[in-house]
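The values are calculated or read from the model by the stated rules, or taken from the named source; none is laboratory data. Computed from a predicted model, the values in this text were never measured in an experiment. Because the Cβ atoms are built from the backbone with ideal geometry, glycine has one as well, and the counts that use them run over all protein chains shown. Surface accessibility is based on the protein's heavy atoms, side chains included, excluding ligands, DNA and RNA. Shrake-Rupley method; radii C 1.70, N 1.55, O 1.52, S 1.80 Å.
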Amino acid sequence: MNITEPMFLALTALVDEPRHGYGIVQEVDRLSDGRVQLKIGTLYGVLDRLSAAGLVVLDREEAQQGRLRRYYRLTDEGARALQEEATRMAANAGAANARLRARLAGGALAIKTIRGAGATAGGAA
């Protein structure tokens, strides 16, 4: 399953406790420092996909002021998927940061050296 940023953040929001929809929206806002603001309609699409994949499940339903609140929780499979995605993202960020450091230190030649191409500044091997 391709985990999108809203999915990643929704899974992350559920790591510590079950949450209802608006609680997930608020936690995603906090986690992303306001950069990602999920609309309720988008959130429920995300939750449907995560639920179909077995990454989240309905924890409970509570009546609140005449409305039914559904609380979702992260499954063990969801925690594993989140860990795998976080590891993948960290590796990608590490590769990008290494290339940026190399660029700042010595330009394109340093990046080619990191790749192991062994090319010279003129591009010949």
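Just wondering, is there one or more residues in region 90-111 that are β-branched (Val, Ile, Thr) and without any contact (Cβ under 8 Å) to a residue 40 or more places away in the chain? Talk me through it step by step, then tell me what you get.
First pass over region 90-111, keeping only residues β-branched (Val, Ile, Thr): 111.
From the residues that got through so far, the ones that are without any contact (Cβ under 8 Å) to a residue 40 or more places away in the chain too are 111.
Yes, because at least one residue in region 90-111 is β-branched (Val, Ile, Thr) and without any contact (Cβ under 8 Å) to a residue 40 or more places away in the chain.
Restricting the first residue to region 8-22 and requiring it to be in contact (Cβ under 8 Å) with a residue 40 or more places away in the chain, which pairs with a second residue that is of a type in the set (Gly, Ala, Ser) meet a Cβ separation below 6 Å and a spacing of at least six or different chains?
Matching pairs, first to second residue: LEU11/GLY78.
Tally up the residues in region 13-42 that are assigned to a helix (DSSP H, G or I) and buried (at least 18 other Cβ atoms within 10 Å of the Cβ), please. Before the answer, list the steps.
In the first step, residues of region 13-42 are kept if they are assigned to a helix (DSSP H, G or I); the result is 13, 21-31, 40-42.
Now restrict to residues that are buried (at least 18 other Cβ atoms within 10 Å of the Cβ): 13, 24-25, 27-28.
Summing the residues that are assigned to a helix (DSSP H, G or I) and buried (at least 18 other Cβ atoms within 10 Å of the Cβ) in region 13-42 gives 5.
Might you check whether a residue that is under 16 Å from ARG73 (Cβ atoms), in contact with a Phe, Trp or Tyr (Cβ under 7 Å, 6 or more places away or on another chain), of a type outside the set (A, V, I, L, M) and open to solvent by 30 Å² or more (accessible area, probe 1.4 Å) occurs anywhere in region 45-60?
Checked against the condition, which is being under 16 Å from ARG73 (Cβ atoms), in contact with a Phe, Trp or Tyr (Cβ under 7 Å, 6 or more places away or on another chain), of a type outside the set (A, V, I, L, M) and open to solvent by 30 Å² or more (accessible area, probe 1.4 Å), region 45-60 yields at least one hit.
Taking into account only those residues within region 62-77 that are open to solvent by 90 Å² or more (accessible area, probe 1.4 Å) and part of a strand (DSSP E or B), which is farthest from THR4 (Cα to Cα)?
ARG67
Kindly evaluate ALA125 against the criterion of being part of a helix (DSSP H, G or I) and either modelled with pLDDT of 60 or more or hydrophobic (A, V, I, L, M, F, W, C) (or both). Before you say what the answer is, go through the steps one by one.
Details: part of a helix (DSSP H, G or I): no; either modelled with pLDDT of 60 or more or hydrophobic (A, V, I, L, M, F, W, C) (or both): yes.
Answer is no for this residue.
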